[in-house]
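Please read the structure below before turning to the comments.
The values are calculated or read from the model by the stated rules, or taken from the named source; none is laboratory data. This structure is a prediction, so every number in the text was calculated from the model and none was measured. For neighbour counting, all protein chains shown are included, and Cβ atoms are generated from backbone atoms with ideal geometry for every residue, glycine included. Accessible surface areas use protein heavy atoms only, side chains included; no ligands, DNA or RNA. Shrake-Rupley method; radii C 1.70, N 1.55, O 1.52, S 1.80 Å.
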Amino acid sequence: MPVPHSTYLTSFVVGNYVKVSDSYKNIPLGFFMYPGTESLAQRKYGKTKEMMRVFEELTGVDFPYNKYDQTIVAKFNFGGMENITATTMADTEILMNSDNLVEDLVAHELAHSWFGNLVTCRNWAELWLNEGFATYMEAAFREKAYGRADYLRKVREDAAEFMTSDAISDNKHGLYNQLARPDDSIFDTTAYQKGGAVIHILRETVGTENFWKAINIYLNRHKFQNVETANLQKAMEETSGKNLDWFFKQWIYGGGYPKLNVKQVYNPSGRQLNLTVAQTQSADKLTPEAFILPMEIEITTANGTKIEKIEIKKREETFTLKVNDAPTKIVFDKDEKIPLKAVKMQPLTIAK
Ligand SMILES: [Zn+2]
């Protein structure tokens with residue numbers, strides 16, 4: 001390799017393969033298939049070059065290496081592994097899974113060329129910088145290829161997968177993993193799915209333009225080196241001009257997620273909608289009593305639709321919003337800025 005890289009990314013694969021070739025710009029792409037399965041290569045890996053174009057465009061950083069191969073192997077412990085310029089894929093994942101799942105896996109492993117290989121987490125506690133970003137880039141590719149709704153579906157599903165597994169997990173930790181041990185236990189739904197969902201929340205917090213500018217700074221500043229969470233925070237603060245201590249404390253160094261119970265009361269005499277938001281998650285060493293949650297509420301009445309911005313930051317608080325008529329529909333967190341939350345909306349009642 002002509003460029004520095006982490007030793008855990010080195011691999012050799014030996015077997016009976018047929019190589020199917022493609023290219024992106026001047027970068028040769030190789031798909032190593034078992035004899036007899038080569039006709040599937042295009043269907044399974046055909047979007048690789050489109051993904052490279054999208055990732056270069058989003059990050060502003062060219063694909064960092066001189067070739068990119070993907071090889072299937074039998075009885076692999078993982079879905080895929082981002083070995084440098086030579087991604088290894090479980091044959092079952094590529095040959096048996098739906099094209100949709102294969103596409104996410106191909107995007108994920110390719111994204112590691114930027115997030116994981118070009119900049120590598122400094123230690124296993126920082127693994128989310130590899131896996132959260134590779135998971136997020138699956139959604140980012142979908143946003144470019146299929147639009148915002150499919151992007152949000154992917155982020156929402158990742159968030160739901162984390163919340164489901166969190167309910168039964170006895171290995172709870174922050175994205176910055178205080179419990180990290182050098183074994184397979186660190187490759188969990190926190191590092192991957194929660195990581196991806198929190199990166200979405202980060203982008204919503206700093207704004208899309210600032211977010212990708214910061215990613216460009218972060219990658220360029222630390223290329224061919226190790227990174228830690230603080231490097232990412234610094235770049236995000238530089239482009240957004242915001243102090244993000246609260247965000248990183250709550251979402252990266254802290255754990256859990258907010259559970260909200262929302263009471264909605266319309267007061268006809270004052271033409272007010274009172275939203276009482278209670279946070280019901282149990283607080284512990286990692287999980288705060290009260291998350292800080294800036295979000296938008298969409299309120300529809302007979303007279304039209306409007307958006308109200310609120311910032312939830314207490315264990316329980318009431319927001320009084322002006323409305324010109326009785327609400328017929330209320331959408332909490334309108335743009336899904338924070339998919340990582342459980343919300344119980346109580347039915348709207350009318351104050352007497
Ligand atoms: Zn990965």
Checklist entry - Looking at Val61, Val102, Val106, Val54, which one is open to solvent by 10 Å² or more (accessible area, probe 1.4 Å) and among the aliphatic types (A, V, I, L, M)? => result Val61
Next on the checklist: Against the condition surrounded by 12 or more Cβ atoms within 10 Å (Cβ to Cβ), more than 16 Å from the ligand (Cβ to nearest atom) and modelled with pLDDT under 95, how does Val13 come out, does it pass?
Outcome noted: no
Item to check | Flag if Ala90 is open to solvent by less than 30 Å² (accessible area, probe 1.4 Å), touching a Gly at 6+ places or on another chain (Cβ under 7 Å), away from the ligand (no atom under 11 Å from the Cβ) and of a type in the set (Gly, Ala, Ser) | outcome: yes
Next on the checklist: Could you check segment 93-114 and list, in sequence order, the residues that are within 12 Å of the ligand (Cβ to nearest atom) and among the polar types (S, T, N, Q)?
Outcome noted: Ser113
Checklist entry - Is there any pair with a first residue in segment 310-323 that is under 17 Å from Asn267 (Cβ atoms) and a second that is open to solvent by 80 Å² or more (accessible area, probe 1.4 Å) whose Cβ atoms are under 8 Å apart and which are 6 or more apart or on different chains, and what are they? => result Lys322/Arg271; Val323/Arg271
Next on the checklist: Can you tell me which of (1) in contact with a Leu (Cβ under 8 Å, 6 or more places away or on another chain); (2) closer than 23 Å to Ser185 by Cβ is the one Trp114 doesn't meet?
Outcome noted: (2)
Checklist entry - Which of the residues that make up segment 250-259 are closer than 17 Å to Glu311 by Cα and either open to solvent by 20 Å² or more (accessible area, probe 1.4 Å) or out of contact with any Leu (no Cβ under 8 Å at 6 or more places or on another chain) (or both)? => result Gln250, Tyr257, Lys259
Checklist outcome for this item: Picking from Asp69, Asp22, the residue that is under 23 Å from Thr135 (Cα atoms) and surrounded by fewer than 19 Cβ atoms within 10 Å (Cβ to Cβ) would be Asp69
Checklist outcome for this item: Of (1) in contact (Cβ under 8 Å) with a residue 40 or more places away in the chain; (2) outside any helix (DSSP H, G or I), Gly132 satisfies every one except (2)
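Results for (1) among the acidic types (Asp, Glu); (2) within 16 Å of the ligand (Cβ to nearest atom); (3) in contact with a helix residue (DSSP H, G or I) (Cβ under 7 Å, 6 or more places away or on another chain); (4) outside the structural domain of Pro327 (by TED's automatic domain parsing), shown as yes or no for each residue.
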site: Phe162; (1), (2), (3), (4): no, yes, yes, yes
site: Ser165; (1), (2), (3), (4): no, no, no, yes
site: Ser169; (1), (2), (3), (4): no, no, no, yes
site: Ser185; (1), (2), (3), (4): no, yes, no, yes
site: Arg203; (1), (2), (3), (4): no, no, yes, yes
site: Gln225; (1), (2), (3), (4): no, no, no, yes
site: Lys249; (1), (2), (3), (4): no, no, no, yes
site: Gln264; (1), (2), (3), (4): no, no, no, no
Item to check | Those residues of segment 49-70 which are closer than 19 Å to Asp99 by Cα and within 16 Å of the ligand (Cβ to nearest atom), in sequence order | outcome: Met51, Gln70
Checklist entry - Which members of segment 147-192 meet the condition of being open to solvent by 30 Å² or more (accessible area, probe 1.4 Å), among the polar types (S, T, N, Q) and under 12 Å from the mean Cα position of the chain (by Cα)? => result Thr189
Checklist outcome for this item: Contact list, first residue from segment 1-30 and in the same structural domain as Gln42 (by TED's automatic domain parsing) and without any contact (Cβ under 8 Å) to a residue 40 or more places away in the chain, second anywhere and surrounded by 12 or more Cβ atoms within 10 Å (Cβ to Cβ) and among the acidic types (Asp, Glu), beta-carbon distance below 6 Å, six or more apart or interchain, is Val18/Glu38; Val20/Glu38
Checklist entry - What residue, of Asn177, Asn77, Asn123, Asn117, is within 12 Å of the ligand (Cβ to nearest atom) and at negative phi? => result Asn117
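This table checks each residue for (1) surrounded by fewer than 17 Cβ atoms within 10 Å (Cβ to Cβ); (2) under 24 Å from the mean Cα position of the chain (by Cα).
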position	(1), (2)
Ile292	yes, yes
Ala302	yes, no
Thr305	yes, no
Ile310	no, yes
Glu316	yes, no
Thr320	yes, no
Val323	no, no
Thr328	yes, no
Phe332	no, yes
Next on the checklist: So if I check each of Lys259, Lys234, which one is free of Cβ contacts under 8 Å to residues at least 24 places away in the same chain and not hydrophobic (A, V, I, L, M, F, W, C)?
Outcome noted: Lys234
Checklist entry - With (1) farther than 21 Å from Ala159 by Cβ; (2) touching a Phe, Trp or Tyr at 6+ places or on another chain (Cβ under 9 Å); (3) assigned by TED's automatic domain parsing to the domain that holds Lys344; (4) of a type in the set (A, V, I, L, M) as the list, and Ile297 as the residue in question, which single condition is left unmet? => result (1)
